[in-house]
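The values are calculated or read from the model by the stated rules, or taken from the named source; none is laboratory data. Note that the structure is a prediction, hence the values are computed from the model and not measured. Virtual Cβ from ideal backbone geometry, glycine too; neighbours counted across all protein chains shown.
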Amino acid sequence: MIKTILKIRTRYLLSIALALTSASCAAVESMPVESTTSEQTSADENPENWSGRASEVLVNALSLTGIKYTRGGNTPETGFDCSGFVRYVFKQAASLTLPHSALAISQLGQTIPKNELQPGDLVFFNTLKNTFSHVGIYLGNNRFVHSPSTGGKVRVDNMQENYWASRFSGAQRMDQLKATAK
């Protein structure tokens, strides 16, 4: 029974993620996939595999909506702060170990202009009078999932809302990240 519920929830979350990203994905030009040997590039480091890993990141992130915010939290059982949430999702879905600080995470990967955001990119905001003090995961169509603040729960918000639009600090893409988890 529980497995059936989990399968249904996963399908539901995947369909939400696909619906949120469909418009933005249509504008992305597909890249030809070149074959490589394991000596050249491992599957986890291959940039062409990022779209699959990004999908896993989105499904994993959306499956955690409703988990309470806890300062310093980094598991579904204890709750999440913003960086703990992002760190947990990327570890589970993409086998990437990220630091537990929005500022430290902002220094990894590749800087992306706002107009080139793709699902799975990390978006940063100035919420504590410090640049890069809050982080979330971009879903597409100006939406992102994050663990907001005390009293809140993991949720999806619109980056065009006044609060978030005025606090946007930048974005990073983790597909170029070379340091992977143990």
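Is it the case that some residue within segment 124-138 is in contact with an Asp or Glu (Cβ under 7 Å, 6 or more places away or on another chain), in contact (Cβ under 8 Å) with a residue 12 or more places away in the chain, within 13 Å of Arg173 (Cβ to Cβ) and not small (Gly, Ala, Ser)? Outline the logic, then answer.
Applying the first criterion (in contact with an Asp or Glu (Cβ under 7 Å, 6 or more places away or on another chain)) to segment 124-138 yields 138.
Now narrow it down to the ones that are in contact (Cβ under 8 Å) with a residue 12 or more places away in the chain: 138.
Right, trim to within 13 Å of Arg173 (Cβ to Cβ) and you get 138.
Checking the rest, the ones that are also not small (Gly, Ala, Ser) come to 138.
Checked against the condition, which is being in contact with an Asp or Glu (Cβ under 7 Å, 6 or more places away or on another chain), in contact (Cβ under 8 Å) with a residue 12 or more places away in the chain, within 13 Å of Arg173 (Cβ to Cβ) and not small (Gly, Ala, Ser), segment 124-138 yields at least one hit.
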Next on the checklist: What's the total number of residues in segment 135-144 that are part of a strand (DSSP E or B) and touching a Ser or Thr at 6+ places or on another chain (Cβ under 7 Å)?
Outcome noted: 3
Checklist entry - Scanning segment 101-120 for residues that are among the small types (Gly, Ala, Ser) and without any contact (Cβ under 8 Å) to a residue 24 or more places away in the chain, which turns out surrounded by the fewest Cβ atoms within 10 Å (Cβ to Cβ)? => result Ala104
Item to check | So Leu117, is it within 13 Å of the chain's Cα centre (by Cα) and either more than 18 Å from Ala171 (Cβ to Cβ) or modelled with pLDDT under 95 (or both) | outcome: no
Checklist entry - Tell me, which residue of segment 158-182 that is out of contact with any Leu (no Cβ under 7 Å at 6 or more places or on another chain), buried (at least 16 other Cβ atoms within 10 Å of the Cβ) and not aromatic (Phe, Trp, Tyr) is modelled with the lowest pLDDT? => result Asp175
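Taking the conditions exactly as written (farther than 23 Å from Gly170 by Cα and either hydroxyl-bearing (Ser, Thr, Tyr) or at pLDDT 95 or above (or both)), does Lys91 satisfy them or not? Reasoning before the result, please.
Numbers: farther than 23 Å from Gly170 by Cα: no; either hydroxyl-bearing (Ser, Thr, Tyr) or at pLDDT 95 or above (or both): yes.
Answer is no for this residue.
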Next on the checklist: With modelled with pLDDT of 95 or more, among the hydrophobic types (A, V, I, L, M, F, W, C) and over 18 Å from Arg53 (Cα atoms) as the only criterion, which of Ile67, Ile137 stands out?
Outcome noted: Ile67
Next on the checklist: Residue under question is Gly170, and the condition is that it be under 16 Å from the mean Cα position of the chain (by Cα) and either in a loop (DSSP other than H, G, I, E, B) or at negative phi (or both); does it hold?
Outcome noted: no
Checklist outcome for this item: Scanning segment 62-92 for residues that are among the aliphatic types (A, V, I, L, M) and either surrounded by fewer than 22 Cβ atoms within 10 Å (Cβ to Cβ) or touching a Cys at 6+ places or on another chain (Cβ under 8 Å) (or both), the one nearest to Val123 (Cα to Cα) turns out to be Leu64
Next on the checklist: Quick test of your reading of the structure: Leu98 fulfils all but one of (1) in a loop (DSSP other than H, G, I, E, B); (2) surrounded by fewer than 17 Cβ atoms within 10 Å (Cβ to Cβ). Name the failing condition by number.
Outcome noted: (2)
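When you check Phe132 against the structure, is it in a loop (DSSP other than H, G, I, E, B) and among the aromatic types (Phe, Trp, Tyr), yes or no?
Yes; evaluated as a whole, the condition is true for this residue.
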